[in-house]
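Enquirer: Can you read through this structure? Questions will come right after.
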Ligand SMILES: CC(C)(COP(=O)(O)OP(=O)(O)OC[C@H]1O[C@@H](n2cnc3c(N)ncnc32)[C@H](O)[C@@H]1OP(=O)(O)O)[C@@H](O)C(=O)NCCC(=O)NCCS
């Protein structure tokens with residue numbers, strides 16, 4: 001059970017394999033474990049938010065030229081809405097800029113749209129579905 005104080009978090013680079021349990025538990029618990037693996041995971045930068053050695057949230061960044069995409073952003077359910085996602089996404093924004101990207105985008109679950117708007121991201125596509133879950137592409141410039 002999480003305590004009520006905001007956790008002290010450190011963000012570290014992790015392996016793709018370390019992201020899989022949280023990707024699966026938080027994002028796609030009804031799908032097979034293999035479903036959460038991304039074809040080019042080996043080319044990504046994977047960040048984990050830790051409290052001590054406990055992994056509480058993950059996000060994966062992929063940079064292709066000046067386009068940076070993040071995927072599979074997930075915080076453990078008992079640690080959501082306590083600022084951890086904000087720290088991780090700020091890290092991704094900094095890293096994407098450092099790597100020369102000028103645009104940051106993601107396929108956003110509409111459930112999380114208001115979270116992304118806090119970071120200046122806006123919908124740039126129509127709504128589409130992955131299974132039963134509605135999404136839109138969200139994007140912002142990094143300049
Ligand atoms: C989306 C997610 C990664 C955000 O991480 P988080 O640690 O919960 O986010 P934070 O606590 O930093 O949120 C910052 C603010 O945004 C709000 N917020 C968080 N998730 C939100 C959501 N889904 N919708 C609207 N607001 C949200 C928080 O309440 C907080 O508001 P406050 O500053 O007024 O307290 C996390 O909630 C999560 O894993 N959700 C389930 C999976 C998911 O939807 N992933 C994204 C798929 S595209």
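All of the numbers you see were taken from the coordinates with simple rules; none came from a lab. Given the structure is predicted, the values throughout are model-derived calculations rather than measurements. Every residue, glycine as well, gets a Cβ built from its backbone with ideal geometry; the counts of neighbours run over all protein chains shown.
Enquirer: Just check the range 9-117 against the gyration tensor rule for me: Cα atoms, a ≥ b ≥ c as the square roots of the eigenvalues, rounded for a/c under 1.5, and otherwise prolate or oblate depending on whether a/b exceeds b/c.
Expert: Rounded shape, in that the Cα axes give a/c under 1.5.
Enquirer: Arranged by the count of other C-beta atoms within 10 angstrom, fewest first, what order do 63, 127, 58, 38 take?
Expert: Sorted ascending by nearby Cβ count, the order is 127, 38, 63, 58.
Enquirer: Still on this structure, please answer the following. Given R₀ = 30 Å, FRET efficiency for residue 129-residue 81 by Cβ-Cβ distance, to 0.05?
Expert: After rounding, the FRET efficiency stands at 0.75.
Enquirer: Just how far, in whole angstrom, is the range 81-143 from the range 6-63 if you go by their alpha carbon centroids?
Expert: Value for the Cα centre distance between the two parts: 16 Å.
Enquirer: Among 12, 98, 69, which one shows the highest mean-square fluctuation when the chain is modelled as a Gaussian network with alpha-carbon springs under 10 Å?
Expert: Most flexible of the set in this elastic network: 98.
Enquirer: To the nearest 500 deg cm²/dmol, what mean residue ellipticity at 222 nm is calculated for the chain from DSSP H runs of n ≥ 4 alone, each contributing -39,500 (n - 2.57), summed and divided by the residues?
Expert: -5500 deg cm²/dmol
Enquirer: Additional query: Let me make sure I get this right: for the range 4-66, a, b and c are the square roots of the gyration tensor eigenvalues over alpha carbons, sorted descending. Under 1.5 in a/c it's rounded, otherwise prolate if a/b > b/c, else oblate. Which is it?
Expert: It is oblate, given that a/c is not under 1.5 and a/b is not larger than b/c.
Enquirer: Sticking with this structure for a sec: Could you calculate the contour length gain from residue 118 to residue 13, that is, 0.36 nm times the residue separation minus the distance between their Cα atoms, to one decimal place in nm?
Expert: So the extension gain works out to 35.4 nm.
Enquirer: Nearest-5 percent of antiparallel DSSP beta bridges in the chain?
Expert: 90
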